[in-house]
Structures are given as C-alpha cells and as structure tokens.
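The values are calculated or read from the model by the stated rules, or taken from the named source; none is laboratory data. Not measured: the values here are computed from a predicted model. Ideal geometry is used to build each Cβ from the backbone, glycine not excepted, and the neighbour counts take in all protein chains shown.
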Amino acid sequence: MKALQLVAHGAPGKFELREVPDPQPGPGEAVVQVQSCGLNHLDLWLEEGGLPIPIKLPRTPGGEIAGEIVALGPGTAGVPPAVQRDAGAPRRQIGDRVAVQSNLFCGECEFCRRGEDSMCLRGEILGVQRDGGFAEKVLVPSRALVSLPDGVDFDTSAALTLAGSTAMHMLNNRAHVNPGDWVLAIGGASGVGSAAIQIAKQLGARVISTGSTEAKRNLAKNLGAEFVVDSNDPKWPAEIRKITDKHGVDVVVEHVGGDVLGKCFDCLARGGTIVTCGATAGRDVPLNLWPFFVKQHRLIGSYGRNRADLDATLQWAAAGKLKPVIDSIFPLDQTAGAFAKLRSRNFFGKVLVKP
Ligand SMILES: [Zn+2]
C-alpha cells in the first residue's frame, strides 16, 4: 500500500510517498481502508518536531480518520472479549464504515474503566506515536473504532471527529453550559471553533466568536455566532464586555494559548470558566492570581475526547445539528500541499486528505 511518511522534521518537513507492506492485524486490532483523513495543527507540530514527546521517524501522520474495515484480527469479530466490552466496543465486521478515535486508549486502566478514555494512563496519539491515516490503510485497536451513522459520509466524519469531538468534550464534559449563557468560541473559522459555535448554540447559549479576517468573521456568523469580534484589534476583550453589557462571557472555548488566554480572562464573567485544549500561540502563559480568585474564575484543561463525545459528535452530524466546514481536499500524493495550506493559516474549517 501507499503511505506518506515524514522522514525529516522541518517547516516544511521532508515527506516521501512510499510503498510499504500492508498492515496485518494482531489480536484486538483492525485494518481500516482510509477514505478521508483530516489535517490538524497536531500534524504541523509533528512535522516541525515541536511536540514534547519523543517521535521515531519515519512516521505516517494523520489522526482524523474515516474509512472501511478491511481486515480484523483475532478477538475483534463475533462476541468481543471482556476487555473490549468494558471499553464499549461493539462487534465488528469487514466492510463496516467507521471513524477512528485518535486518542488511543488501553481499555483497562482505572480511567478507561469508567469511560474517561481521554485520561487513559497508557494513551497514545494516532499519527504521532504510531502510524496514522495519510496512507491507504491504517492499523488500529478495534476498541478505537466508532460506527458511522447512516447519512454521515467519510468526508463529514474526517472533518468532525477530531476537532468537532474535541469541542464536544470541552462543552459537554469538561465545562458546563446553561441555556442563556454567553459562550465565547475563539477562532470561529478553525476546526475546534467552528464546531464550538454550533454546539454551544445547540445547548442554548448566546455565542460570540473571534476572527482575523472579514471572511472568517462572516463564516462564524453563518455558523450561528451572534457577534464576532476582530482578533487583530487588541481591544477585543473590551468589545466583548460591551456586547455582554459588562457581564462578560460565562464560558470560553480556548485552543490558542499565548496572549489570547490572558485576553480571555479580561472578558470572563465572575464565576466564569475557560476551557482550553491547545496552545498553538504559546504554551507558557502568565496568570495574575488576584483577579483569578477574586472573580472566582475556573481554568479547565481538556484533552482529546471520550468515546461518548465521539459518538455524540457523529449522532449530531447525522441529525444535522453539527455541520462540517470543509476548506479543501487533497489527494494523498499532494499531502505536503495540505500541510503548507494549514501552515499558511489561510483556510476555513478543515483541510482533508483522500488516499
Ligand atoms: Zn486506559
């Protein structure tokens, strides 16, 4: 089969499209024929060598995978063994249409046993610590598979299952949104931001978003944001205070870090919550503790998703409550161009690769 391999880190990194042996499934594993795979900032970090975990090259990136099962290892078809039942994995068949949960989990540790796969003690990131979906086929543990509901096509799945389920985990699991709350979704044209706007709206919130260009701000409005502020204007937190009649926002969906996180505190209501899942603009941020405890703020980390979040994301997509925003689709042999597009920041929603 053909697989895109990162052979040297850099910006751009060095990629080679290589012919490699077809993966063979061992016990509890499945091989998925990749039909579509979304690109994420995580892939750029992998490309640039910017992740705080050791990476062995060559590596096939790509964690947002949708496809069809083409091979099953022992213990995956028929009645699943107890450990898979604990992890909630149903029996599988060749030809099943599936999405893959990219934060791979062991299914056995104390967190997995209570359905908190995102906190797995032995978790691995698909496409980072093992080969991912920028290839014709990918080998994954069968417990990481989630069935695609009827009416959800491969591209929709690949555009929602990582970024969209990240937003679902942030708003439905880590933070809590009440009807009528003000929710700020940072970067409304991004993968996480575009999903967060729609999810918060469905939960009954009044949504504000940010965007660096008029086109991005228009997209955020079309997705359901009531107000969208210009993130290039350093006074945008004051603008949000004005919009909310000085109340501030109750929940912020944050995935940028750096200076943006500080600005989120500037427009956060008393008792408000910032939930954050990323740090593309910087991982080290100053925190002024005085307003933090006086205003009784909460800062919550969010990582990956649980199986329930991925299921909910796909069910919402099937019900038309969550729509993907697809910027462009690249063939496998032009994946390097997809990476360049993501690095340019000149895109809306998701960039996909179709092997
Ligand atoms: Zn675990």
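Residue count for the stretch 118-134, restricted to those that are over 14 Å from residue 60 (Cβ atoms) and under 14 Å from the mean Cα position of the chain (by Cα): 1. Taking residues in the stretch 159-172 that are under 16 Å from residue 347 (Cβ atoms) and hydroxyl-bearing (Ser, Thr, Tyr), and partners anywhere that are part of a loop (DSSP other than H, G, I, E, B) and modelled with pLDDT of 95 or more, not one pair has Cβ atoms closer than 6 Å while being at least 6 places apart or on different chains. If you go through the stretch 317-332 and pick out every residue that is touching a Lys or Arg at 6+ places or on another chain (Cβ under 8 Å) and surrounded by fewer than 23 Cβ atoms within 10 Å (Cβ to Cβ), you end up with 7. Each residue in the stretch 162-194 was checked for being of a type in the set (Ser, Thr, Tyr) and in contact with an Asp or Glu (Cβ under 7 Å, 6 or more places away or on another chain), and 1 pass. If the condition is being touching a Pro at 6+ places or on another chain (Cβ under 8 Å), part of a strand (DSSP E or B) and buried (at least 21 other Cβ atoms within 10 Å of the Cβ), then the stretch 333-355 contributes 350, 353.
Can you name the residue in the stretch 104-113 that is more than 7 Å from the ligand (Cβ to nearest atom) and in contact with an Asp or Glu (Cβ under 8 Å, 6 or more places away or on another chain) and, of all such residues, is nearest to residue 43 (Cα to Cα)? It comes out as 104. Restricting attention to the stretch 313-349, which residues are in contact with a Phe, Trp or Tyr (Cβ under 8 Å, 6 or more places away or on another chain) and not hydrophobic (A, V, I, L, M, F, W, C)? Within the stretch 313-349, 327, 328, 335, 337, 341 meet the criteria.
Considering the stretch 207-316, the qualifying strands (runs of 3 or more DSSP E), each wholly inside and each with 2 or more residues that are surrounded by 22 or more Cβ atoms within 10 Å (Cβ to Cβ), touching a residue at least 24 places away in the same chain (Cβ under 8 Å) and under 21 Å from the mean Cα position of the chain (by Cα), run over 249-254, 268-276.
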